[in-house]
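Novice: Once you've had a glance at the structure underneath, I'll fire off some questions.
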Amino acid sequence: MESDRETRRILMVSGGTGGHIFPMLAVADELRSRSGRAAEAQPRYEIEFVGTKRPLESRLIPAAGYPLRTVAAAGLKGIGGLRKLRNFLVLPRTAVQTARLLREFKPHVVVGIGGYLAGPVMAEAALMDVPTLLMEPNARPGFTNRVLAPMVRIAAVGLEETANFYGAKAVVTGSPVRRAFAEIPPREHRPPFTVLLVGGSQGAQAINQAMIASLPLLESERARLRIIHQTGERDYNAVTQAYQGRGFAADVRTFIEDMPWALAQADLVVSRAGATAVAEFVAAGKAALLIPFPAATDQHQLENARVLEQAGAARVIEQKDLTPQCLVAAILEMLQDAAKLTRMEQCARQLAKPDAAARIADLIERLAISRQPSALSRNMLG
């Protein structure tokens, strides 16, 4: 009977960017789909998110059908002076609110993916002997995940290159993306050639400015090009006016809610190299021109980009080398060489791990059952 099925409570620690939110939603959706199965032995999952009041998570998480509890939190890395002191003074409130949340919700497992909120929530959970799973999508772990590494039970890593950092706690699962990305069919490269520009959920001013400056050099190919461009809030008006002024067919948006749709349209992606973004690109089988964010913690975006480049799925331009001329040259190279584009797409699909969310859900299930300290080998799932 439905009432006899065990309920397991899973607390997902969100972050303020799409790179944190979307992988967590992919895993939550996988767990929720298992809850919908009628098998008597299959538990039900009660899933809640904890985050801040930042706009993106406040919108996306409830829209996906999950409760969002908010706590006061502020980052400390990469800032200084009065702002760092002010953020430091928030920490006691974060600790009190986190402890109250954990006592009230009583999670069987706490899942995080880095970001400044994951630190206090997962550390407090570990102190309370609540099983914890850390998702690590980057080629090089960020600051919070390095701090949390000794405390968590399992680290679900996206790349083999990252597993050594976490030792026996690491399980190579791949980086979870929503199922819609893996369902995108290969694109027939017929005119117009569609370029998708994405600077992360907050946009990327360097990419925006380089593309605007490239338009005069692309005018001879204007009829063959179609642009989809996520700009972020700050540059939206300037970018829109630039395309209109030069007569380019461009769909400009501050934020692309339906990224699977956008990738399905794209022949080439021009983007930053956040771990979630590149996981979505390879799942969709897309060739990419990656421009890593140079201020990313410990250059993890550059590391992510190099993994794709070495596999033949992407070309990398460091921001210090980004000029209108090199951006145009890279776009035209792909536009004019369909065979190369197809090879890059094939290499991308070979990197994809479409079952990553299911693998991580399996690990969460095992932790929820055991509720005992464990160090699972990275080869546990075969």
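None of the figures in this text is laboratory data; all of them are computed from the coordinates on show. Since the structure is predicted, the reported quantities are computational estimates derived from the model, not experimental observations. Using ideal geometry, Cβ is built from the backbone for each residue, glycine included, and neighbour counts are taken over all protein chains shown.
Novice: How big is the charge dipole of region 238-333 about its Cα centre, in debye rounded to the nearest 20, if each Lys and Arg gets +1 on its Cβ and each Asp and Glu gets -1 on its Cβ?
Specialist: Value, rounded to 20: 180 debye.
Novice: I'd like the orientation of helix 324-336 relative to the chain: the angle between its Cα long axis and the longest Cα principal axis, in ° from 0 to 90, rounded to 10.
Specialist: Compared with the principal axis, the helix lies near 90 degrees.
Novice: Among ASP129, ASP362, what is the fewest-to-most ranking by other Cβ atoms within 10 Å?
Specialist: ASP129, ASP362
Novice: Test of understanding: in a Gaussian network model of the chain with alpha carbons linked when under 10 Å, which of PRO67, PRO292, PRO131 would top the mean-square fluctuation ranking?
Specialist: For the chain, modelled as a Gaussian network with Cα springs under 10 Å, the answer is PRO67.
Novice: State log₁₀ I(q)/I(0) for region 124-280 at q = 0.09, 0.11, 0.17 Å⁻¹ as given by the Debye formula over alpha-carbon point scatterers of equal weight, solvent excluded.
Specialist: Each listed q corresponds, in turn, to -0.41, -0.57, -0.98.
Novice: Would you look at the GNM of the chain, springs on alpha carbons closer than 10 Å, and say which of SER14, SER58, SER370 moves the most?
Specialist: Among SER14, SER58, SER370, the largest mean-square fluctuation in the Gaussian network model of the chain belongs to SER370.
Novice: Under the rule that an exposed site lies in a DSSP loop and has at most 16 other Cβ atoms within 10 Å, name the longest stretch of the chain with no GluC sites (Glu not before Pro) of that kind, not counting the sites themselves.
Specialist: After excluding every exposed loop site, the longest remaining stretch is 41-182.
Novice: Another question, then. Assuming a viscosity of 0.890 mPa s and a temperature of 25 °C, what translational diffusion coefficient in µm² per second does Stokes-Einstein assign to region 180-351, Rh being the Kirkwood radius over Cα pairs?
Specialist: Answer from the Stokes-Einstein relation: 156 µm²/s.
Novice: Right, here's the next one. If each residue's Cβ is checked for other Cβ atoms within 10 Å, how do TYR116, TYR45 rank with the fewest at the top?
Specialist: TYR116, TYR45
Novice: Mind telling me which of LEU102, LEU11, LEU117 comes out most flexible in a GNM of the chain, alpha-carbon contacts under 10 Å?
Specialist: LEU102
Novice: Over the alpha-carbon set of the chain, divide Rg by the Kirkwood Rh and report the Rg/Rh ratio to two decimals.
Specialist: On the way: Rg = 21.3 Å, Rh = 21.6 Å.
That ratio equals 0.99.
Novice: Enumerate the aspartates and glutamates that LYS353 could reach by cross-link, defined here as Cα to Cα under 20 Å, with residues fewer than 8 away along the same chain left out.
Specialist: ASP29, GLU30, GLU136, GLU160, GLU161, GLU183, GLU280, GLU303, GLU309, GLU345, ASP362, GLU365
Novice: Whole angstrom only: what separates the Cα centroid of region 309-325 from the Cα centroid of region 129-163?
Specialist: That distance is 28 Å.
Novice: Using only Cα atoms, tell me the angle between helix 356-370 and the longest principal axis of the chain; keep it within 0 to 90° and round to the nearest 10.
Specialist: 10 degrees
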